[in-house]
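Here is the structure we will look at.
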Amino acid sequence: MERIYLDHAATTPVDPRVVEAMLPYFTANFGNPSSIYQEGRAAKKAIEESREKVAEILGAADTREIIFTGSGSEADNLAITGVAWAYRKKGNHIITSAIEHPAVLETCKELEKHGFAVTYLPVDEYGLVAPEAVRDAITDRTILVSLMHANNEVGTIQPIAEISKIVRAKGVLLHTDAVQTAGSIPLQADELGVDLLSLSAHKFYGPKGVGVLYAKKGTRLHRLIHGGAQEGRLRAGTENVAGIVGLAKALELAAAGLEETVPRLAELRDYFINKIFSRIDHVKLNGHPTRRLPGNINVSFEFVEGESILLNLDLEGIAASSGSACTSGALEPSHVLLAMGLPHETAHGSVRFTIGKDNTKEQLDYVLGVLEETIARLRAISPLYREQRGRKEK
Ligand SMILES: *Cc1c(COP(=O)(O)O)cnc(C)c1O
């Protein structure tokens with residue numbers, strides 16, 4: 001059976017053109033970029049050309065603003081921990097939100113153990129942070145605001161440019177986790193007005209294990225990984241040359257394709273959402289109706305467990321997600337949905353579908369059929385559903 005992959009927010013397949021660009025750097029061009037002879041210089045050149053490409057696409061003023069990392073998570077860690085320790089004398093206060101990726105939340109929690117104070121801003125029912133709330137939270141001890149560009153679970157896009165005006169006016173640094181927006185919607189560091197921005201190649205048809213931290217010139221960072229002088233002394237370790245080449249190629253392809261993919265994916269998304277609502281009752285759309293990633297659909301089906309839906313979909317050849325990957329095996333409801341005010345039961349019944357560039361309307365029609373059937377079957381054996389129906393009939 002053909003598999004239908006609808007979990008592009010978790011990861012994407014590597015584009016064959018990206019693989020092709022990477023391959024020579026595993027074999028023929030295997031040199032260590034730090035070596036001074038020809039093989040080394042060739043590898044170094046590939047990295048620097050990739051850096052130029054990424055700088056240009058992201059609207060960076062200087063190639064030195066692009067730091068290659070080992071993942072999006074590492075870029076988030078370097079941004080937050082790096083600023084925290086570099087600006088420790090200026091202050092110890094960091095502002096973030098309740099709906100960030102664990103790479104941001106857990107880094108902040110770790111810093112709290114070392115004397116930093118962190119404000120976790122709430123979000124509204126759509127997952128939006130209020131710019132005024134950011135303004136009110138800033139104190140003369142605040143050194144960093146870290147807010148994600150778009151949320152990985154519900155797809156809500158934050159008003160980063162607006163927030164930037166407030167944060168910059170106060171002389172505070174702004175970091176955005178743009179892992180979900182890079183390659184998905186237009187992304188310009190200068191237009192957003194951020195000092196730091198993270199991205200990850202495997203979310204835009206590049207390889208896993210390579211990311212970027214953009215750090216605007218003048219932003220001081222304390223290094224995370226000690227050793228050699230790679231990446232402007234900020235990240236020791238022999239560079240992932242093939243991965244870096246792949247990241248740059250993938251970003252280039254994604255940027256070139258945006259004009260076509262954004263409206264097409266948004267149309268498929270809205271088609272899918274409308275069909276769900278017309279064919280299934282007791283459904284709630286999670287996230288913002290319009291300020292939303294083009295490929296993101298997150299819905300709660302009342303009276304059923306998201307995990308049960310996913311297992312059934314998987315058996316029918318469909319890969320989707322319950323919002324956050326259940327890493328521990330414990331079925332904790334999503335911290336994002338809870339922060340948006342969803343009751344536990346509704347959060348438990350949520351499913352995330354994230355459409356990618358190769359999905360078709362025919363695939364979505366098949367998924368809708370399976371989904372409708374699955375929900376009906378699960379509700380038929382759900383005591384909660386029967387109880388609710390009984391109440392209505394009385
Ligand atoms: C996937 C993701 C990350 C982590 O990126 P990795 O490269 O997988 O470490 C961070 N933030 C967001 C919003 C993500 O979606």
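The values are calculated or read from the model by the stated rules, or taken from the named source; none is laboratory data. The structure presented is a predicted model; accordingly, all values stated were derived computationally and were not measured. Because the Cβ atoms are built from the backbone with ideal geometry, glycine has one as well, and the counts that use them run over all protein chains shown. Calculation scope for accessible area: heavy atoms of the full protein, side chains included, ligands and nucleic acids excluded. Shrake-Rupley method; radii C 1.70, N 1.55, O 1.52, S 1.80 Å.
For every other residue with a beta carbon closer than 9 angstrom to the beta carbon of N296, add +1 if it is Lys or Arg and -1 if Asp or Glu, then tell me the sum. Its environment carries a net charge of +2. Residue separation of H222 and A236 scaled by 0.36 nm, minus their Cα-Cα distance, works out to 3.8 nm of gained length.
The lysines within cross-link reach of K275, meaning a Cα-to-Cα straight distance under 24 Å and a gap of 8 or more places when in the same chain, are K284, K357, K361.
From the alpha carbon centroid of the stretch 217-257 to that of the stretch 1-43 is 14 Å. Shown are L128, L224, whose ranking by accessible area with a 1.4 Å probe and every protein chain present, most to least, is L224, L128. Given the rule -39500 (n - 2.57) for each run of at least 4 DSSP H residues, summed and divided by the residues of the chain, what is its mean residue ellipticity at 222 nm, to the nearest 500 deg cm²/dmol? Per the formula, -13000 deg cm²/dmol. Using a cutoff of 8 angstrom between alpha carbon atoms and counting only pairs six or more residues apart, the relative contact order for the stretch 16-254 works out to 27 percent. Only Lys, Arg, Asp and Glu carry charge here, each on its Cβ (+1 for the first two, -1 for the last two); on that basis the stretch 1-60 has a dipole of about 200 debye about its Cα centre.
So in the chain, what percent of DSSP beta bridges are antiparallel if you round to the nearest 5? For the chain, the DSSP antiparallel bridge percentage is about 55.
Each peptide in 356-362, 87-93 gets a packing score, the mean of other Cβ atoms within 10 Å over its residues, and the list from highest to lowest is 87-93, 356-362. Here the label points at A319 and E125, each 7 Å from Cα along the C-beta direction, are separated by 3.5 nm in the simple model.
Cα centroid separation, the stretch 138-179 to the stretch 54-131: 9 Å.
Figure note: S34, S382 ranked by solvent-accessible area, largest first, 1.4 Å probe, ligands and nucleic acids not counted: S34, S382. Among residues other than P343 whose Cβ falls under 15 Å from its Cβ, what is the net charge (Lys/Arg +1, Asp/Glu -1)? Surrounding charge for P343 is -4. Taking the Cα centre of the chain as reference, the dipole from Cβ charges on Lys and Arg (+1) and Asp and Glu (-1) amounts to some 920 debye. Selection among V18, S278, L338 by position relative to the dipole of the chain gives L338 as farthest towards the positive end (Cβ unit charges, Cα centre). Modelled spin labels at E48 and S35, positioned 7 Å past Cα toward Cβ, are 1.8 nm from each other. Electrostatic bookkeeping for D270 treats Lys and Arg as +1 and Asp and Glu as -1; over the other residues with beta carbon under 13 Å from its beta carbon, the sum is +4.
Here the stretch 177-296 has an Rg and Dmax of 18.2, 59 Å, counting Cα atoms alone.
For the stretch 16-254, the Kirkwood estimate of the hydrodynamic radius, built from every pair of different alpha carbons, is 18.0 Å. When only Cα pairs below 8 angstrom with a gap of at least 6 residues are kept, the stretch 1-75 shows a relative contact order of 13 percent. When +1 charges are put on Lys and Arg Cβ atoms and -1 charges on Asp and Glu Cβ atoms, the dipole computed for the stretch 242-325 relative to its Cα centre reaches about 260 debye.
Annotation: peptides 256-264, 11-19, 66-74, ranked by per-residue average of other Cβ atoms within 10 Å with the highest first, follow the order 66-74, 11-19, 256-264. Note on V262 and E345: their simple-model spin labels are 4.1 nm apart, each label 7 Å out from Cα toward Cβ.
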